[in-house]
Structures are given as structure tokens and as C-alpha cells.
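Novice: Take this structure first; my questions come after.
The values are calculated or read from the model by the stated rules, or taken from the named source; none is laboratory data. Here the structure is a predicted model, which is why all the values come from computation and not from measurement. All Cβ positions, even for glycine, are placed from backbone atoms using ideal geometry, and neighbour counts span all protein chains on display. For the accessible areas, the whole protein counts, side chains as well, though only heavy atoms, and no ligand, DNA or RNA atoms are used. Shrake-Rupley method; radii C 1.70, N 1.55, O 1.52, S 1.80 Å.
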Amino acid sequence: LSDVQLQHNQLTGRIPAQLRYLSKLRNLNLSHNELSGPIPLELNSLGEIQHIVLENNRLSDKLRFQMLLRMRRPRIDVRT
């Protein structure tokens, strides 16, 4: 699985840390939902990830997550 596109699905709750097991994931779009809480730092271990789109949710710690991810892979596009 390389692409997860779940935008505009009225998803609620937290982003599951178990997404880290999708080792081939390149694109993750969870934007325009009702997700809340911190962004799981486990997502930082996604070795193939290129785009993470989390905008228009109720997430916390967005800046810290962006900084950690960009320090590891500066070319990644993270929109929160």
C-alpha cells in the first residue's frame, strides 16, 4: 500500500500510530476531517513517505511534527 487518501470522510478521533507499519506508504492524505490530538511521532519512521497532508483537522503539536520530519528528510511536503 503506497497511497492512503481519506480526505473529506468525517473521520474523528486520533491518527492511529499503527500507520507506521505501512512501510511502503508514500502519500498520506487525511485532510478535511475531524481528527484531533497529537500527530503520532511514529509517522516519522515511514521511510518512503513523500507527502503528508493533515490540514483542516483539530490536531496539536503540528509544528513539532513538521520540524522532526523535515530534519530527517528535508524534501518531504508536510501540510498541516
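Novice: If a residue must be at pLDDT 85 or above, assigned to a helix (DSSP H, G or I) and either open to solvent by less than 60 Å² (accessible area, probe 1.4 Å) or farther than 13 Å from L25 by Cβ (or both), how many such residues does the range 42-74 contain?
Specialist: The total comes to 1.
Novice: Within the range 4-18, track down each residue that is open to solvent by less than 70 Å² (accessible area, probe 1.4 Å), modelled with pLDDT of 95 or more and not in a loop (DSSP other than H, G, I, E, B).
Specialist: Result: V4, G13.
Novice: Going through the range 21-41 one residue at a time, which ones are more than 10 Å from the chain's Cα centre (by Cα) and either acidic (D, E) or not in a loop (DSSP other than H, G, I, E, B) (or both)?
Specialist: Result: Y21, E34, L35, S36, G37, P38.
Novice: If you don't mind, another one. Enumerate the pairs (first residue in the range 8-35 and of a type in the set (S, T, Y); second residue anywhere and open to solvent by 90 Å² or more (accessible area, probe 1.4 Å) and not in a strand (DSSP E or B)) with beta-carbon separation below 8 Å, excluding pairs fewer than 6 apart on the same chain, so at least 6 apart or on different chains.
Specialist: S31/H8; S31/N56
Novice: Tell me, which residue of the range 19-39 that is hydroxyl-bearing (S, T, Y) and farther than 21 Å from L63 by Cα is modelled with the highest pLDDT?
Specialist: It comes out as Y21.
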